[in-house]
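Everything below concerns the one structure shown next.
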Amino acid sequence: MEQNNQDIKFWNISIDELYKNLNSTENGLSSIEATSRLKKLGYNEITKEKRESTIHILIRQFKNPLLWILIFCTTLSFFTGDRLEAELILTMIILYLSLGFFQEYKTAKIFELLKQYTISKNKVIRDNRTIEIDSKQLVMGDIIYLTLGDLVPADIRLIKLKDLTVDESSLTGESMPVEKKIIIEANKISEPNEALNMVFMGTSILSGEAYGIVTQTGNQTYFGKIAQILQKKETITDFQKNVNKFSKLMIKVIVLMTFFILLINTIQHKNFLESVLFALALAIGITPELLPVILTITLARGARKMASKKVIVKQIASIENLGNMDTLCCDKTGTLTEGIFSLDKFIDINGNENVDLLVQALICSQSIFKTEKSSFNNPMDKCLWDAIKEKNLIAELEKHELIDISEFNFIKRRLTCIIKKDNEKMFFTKGSPDNILPLCKVPQQTEEIKECIDNYEKKGYRVIVLAGKKTDATTISDDLERDLTFLGYLIFIDPPKEGVKKSLEKLNKLKVNIKIITGDSPLITKKICTDLNINIIDNHIITGNEIDAVPDDKALEFFSKYNIFARVNPQQKYRIIKTLNQNSHIVGYLGDGVNDTPALKISDVGISVDSAVEIAQDTANVVLLHKSLDVIADGVIEGRKSFGNCTKYILNIISSNFGNMITLEIFSFFLPFIPLLPSQILLTNLITDITLTGMATDNVDIEMLIKPKKWDFKLITCFMIIFGAISSIFDVILLFLLIKVYHTDIANFRSILFTFSLISELLITFIVRTTHPFYKSRPGENLAIISIIMLVLTIILPYTTFGSKLFQLNTIPTNIILPMLILIISYCTTVEISKRWFFKTI
């Protein structure tokens, strides 16, 4: 007996073939055989690879290149005596390590949560007698008994049943109970989740009872395959990829520039120790060591705003991924629709609304005569009850007395009852049209009735019909179920959510492509999409079978093209998301069931809701306290604000730092002394960094919000080179004036260069923070206030004892102030003009 016989479709074969393939009988296995199979196949539990140790997870965090840049800068700062700078960077390192470690450590917790869905005690037949065993001891071929409330412990083919309904929402995401049968479909199906004669691990029994034979256990179950997907290596999100790319770019620039300037100073026989310290200070100067802080502040700000809208952001990096998201994949049920069935119409044979039909339909219910009338196992009966209350018909309902009732029978697919009212007895039956119409007298409208039903079903409605007649009988018999009068139709639908159409329009304006991936039928899915004005590409809804038929080399083109997918299982959802991710799409996925966890994990942004199963919430990056596309649209806007501010910081700091590096290297060619002391370089860097923390909460131009943005390394590199060069040109002009015109001494030269560099850098921040003319874009309050404070500090620092003693700054000669001011204004004007050209050209 092998457990790898995956080619056998147990749902498509007869019961005799089933026993033969599983080497079992209706009397179950012997204890000896069961023990043998357990030893051979292992326990019926979801197994996992050996858990990685905590220390290994921690060590792996050091693979991040940005982390090594920060460690390098910390070491240099300690070496150069700047303890404040070193402590600040060390804090960033600890923050980075903590976030990365937590992200990976939680994967083990997710897996343990998944296993909770499979723990139970079950009754099985062994040695021709019924015994109770732990579910993990089940083996293939065991005959198992299931009843109301049981958690299904394995994949099981049903062999006997009575009135069995199953909650499969944990696997399919669909809220409607599934009625089971043992008859093999005439048209054989290819996917197990479509089989009505199967029940699956992780689902639960809502009503009835059944006997079945275990066909798969542990990892080989439908549920177990989901667990195996969850064990796969964590996918690197687009945000992580781009931070790594940027880090590698910075490493190259830092190494090349530092080596070059050290080489120049060595060739010119300058003091070696001073040259080394100068080069190391420059390395720190060009490093955007505040990037993690800026990222954290701006993303945390977005997370706080989302929290005020009842959205929990578990990982703040998800805010930026949410903003850059260009594709959102979501289910239909509960996202586009309410996730709760509602009664759309109750009409008689003539198409008129009829309240008597409503009362009669609810009377024909297993739950209506319970003490607690509002308690219904069947959601359709709950809809009828709500309609009765809404129309104040409870008094009319209470006039009826139950004489006899026959519970829902899956073979007959109907429920029947005898009711007494005003000394008159009536027989009613309610169920699917195919099973009720043959019991009715043949009216002239038979074809119209069938056509009416067909029209509703094609539109995605679920149709239940009611028939009845007068009777003197007090007990239900088969003889009563004939010559009935057709009474009318009950039309149910899971309606679109209020406001979801506007939410879809909002996401469309934000250039977020919506893809619907549902386990529901194509007909119902098409109806909802039509109601919400969702354009179905080529008017074609892709089914799970079509997904499986698509070869891997065509999958990307196929999944990118089409936008509506129905009858999709968890593995197919996973394949769609994974394929889209590989094409540089930034993909979000909204799901709330166990079946959604693989897709939630592989997506750049996993989104769930607080009512979701715990494993879905734990896997997700973002949890909504209210399942709403409108809230997701708000999250997209916040994410784009965060991305915009991070981009502005990077462009600002990398261009100014690169310009300073070029300037100091040029100066090293012509000057017999080091142009700035290491302490002065580090102070310049510190003041700039403090100022740019205000960038995290800066206002963002509307252009940054209207469509997804991605890290553009070509733009970053070009911006660094062009605006760094402009900075250096004006620095060289300053050099010429100070050396050739004003014959400035070394101390004054350094003080003037320090002041000029900082003032110009602080002002340039307001120009490069926007693509508009700087005076047309209002900066954030924090950025403005911090910049003014730092500007004042820069101006007065050379005139203070603190600046003089600690940083060797002299007062600025009065004859230099005006030329320096003119040069700063010229520099700012040049950058403003160049910026407009740059963003139009690049």
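The values are calculated or read from the model by the stated rules, or taken from the named source; none is laboratory data. From a predicted model like this one, the values you see are computed outputs, not experimental measurements. In this analysis, Cβ positions are derived from the backbone assuming ideal geometry, glycine residues included, and neighbour counts consider all displayed protein chains. Just the protein is used for accessible areas: all its heavy atoms, side chains included, with ligands, DNA and RNA removed. Shrake-Rupley method; radii C 1.70, N 1.55, O 1.52, S 1.80 Å.
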Report, by residue number, each residue of the stretch 496-543 that is farther than 16 Å from Val568 by Cβ and assigned to a loop (DSSP other than H, G, I, E, B). Lys497, Glu498, Gly499, Leu510, Lys511, Val512, Leu532, Asn533, Ile534, Asn535
Checking Ile654, Ile662, Ile687 in turn, the sole residue that is open to solvent by less than 10 Å² (accessible area, probe 1.4 Å) and touching a Gly at 6+ places or on another chain (Cβ under 9 Å) turns out to be Ile654
Conditions (1) modelled with pLDDT of 90 or more; (2) open to solvent by 30 Å² or more (accessible area, probe 1.4 Å); (3) within 43 Å of the chain's Cα centre (by Cα) -> Thr841 fails only (1)
Those residues of the stretch 324-348 which are surrounded by 18 or more Cβ atoms within 10 Å (Cβ to Cβ), among the hydrophobic types (A, V, I, L, M, F, W, C) and outside any strand (DSSP E or B) amount to Met325, Leu336, Phe341
Qualifying residue in the stretch 710-733 (condition: surrounded by fewer than 22 Cβ atoms within 10 Å (Cβ to Cβ), assigned to a loop (DSSP other than H, G, I, E, B) and touching a helix residue (DSSP H, G or I) at 6+ places or on another chain (Cβ under 8 Å)): yes
Using the structure shown, decide if Val609 is among the hydrophobic types (A, V, I, L, M, F, W, C) and out of contact with any strand residue (DSSP E or B) (no Cβ under 6 Å at 6 or more places or on another chain). no
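Give the residues of the stretch 26-58 that are at pLDDT 85 or above and surrounded by fewer than 15 Cβ atoms within 10 Å (Cβ to Cβ), sorted by residue number. Show your work before the answer.
Filtering the stretch 26-58 down to residues at pLDDT 85 or above leaves 26-44.
Answer for the stretch 26-58, where residues must be at pLDDT 85 or above and surrounded by fewer than 15 Cβ atoms within 10 Å (Cβ to Cβ): Glu26, Asn27, Ser30, Ser31, Ile32, Thr35, Ser36, Lys39, Lys40.
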List, please: which pairs have Cβ atoms under 6 Å, are six or more places apart or on different chains, and start with a residue in the stretch 194-206 that is closer than 15 Å to Lys181 by Cβ and in contact (Cβ under 8 Å) with a residue 60 or more places away in the chain and end with one that is open to solvent by less than 10 Å² (accessible area, probe 1.4 Å) and among the hydrophobic types (A, V, I, L, M, F, W, C)? Asn197/Leu158
Return the pair list, or none, for Cβ contacts closer than 7 Å from residues in the stretch 739-765 that are under 21 Å from Pro779 (Cα atoms) to residues that are surrounded by fewer than 18 Cβ atoms within 10 Å (Cβ to Cβ) and of a type in the set (Lys, Arg), at least 6 apart or on different chains. none
Given (1) among the aliphatic types (A, V, I, L, M); (2) closer than 15 Å to Leu683 by Cβ; (3) surrounded by 14 or more Cβ atoms within 10 Å (Cβ to Cβ), number of the condition Leu737 does not satisfy: (2)
Of everything in the stretch 428-471, what is part of a loop (DSSP other than H, G, I, E, B) and closer than 23 Å to Ile541 by Cβ? Give them in sequence order. Lys459, Gly460, Tyr461
Could you tell me which residue of the stretch 576-602 is modelled with the highest pLDDT, considering only residues that are open to solvent by 10 Å² or more (accessible area, probe 1.4 Å) and among the hydroxyl-bearing types (Ser, Thr, Tyr)? Thr579
All but one of (1) touching a helix residue (DSSP H, G or I) at 6+ places or on another chain (Cβ under 7 Å); (2) modelled with pLDDT under 85; (3) not β-branched (Val, Ile, Thr) hold for Lys648; state the number of the condition that does not hold. (2)
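Each row is one residue, and each column tells you yes or no for (1) closer than 30 Å to Ile796 by Cβ; (2) part of a loop (DSSP other than H, G, I, E, B); (3) hydrophobic (A, V, I, L, M, F, W, C).
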| site | (1), (2), (3) |
| --- | --- |
| Ser608 | no, no, no |
| Val623 | no, no, yes |
| Lys627 | no, yes, no |
| Gly635 | no, no, no |
| Glu638 | no, no, no |
| Leu651 | yes, no, yes |
| Asn657 | yes, no, no |
| Asp689 | yes, no, no |
| Val700 | no, yes, yes |
If a residue must be in contact with a helix residue (DSSP H, G or I) (Cβ under 7 Å, 6 or more places away or on another chain) and modelled with pLDDT of 85 or more, how many such residues does the stretch 519-533 contain? 2
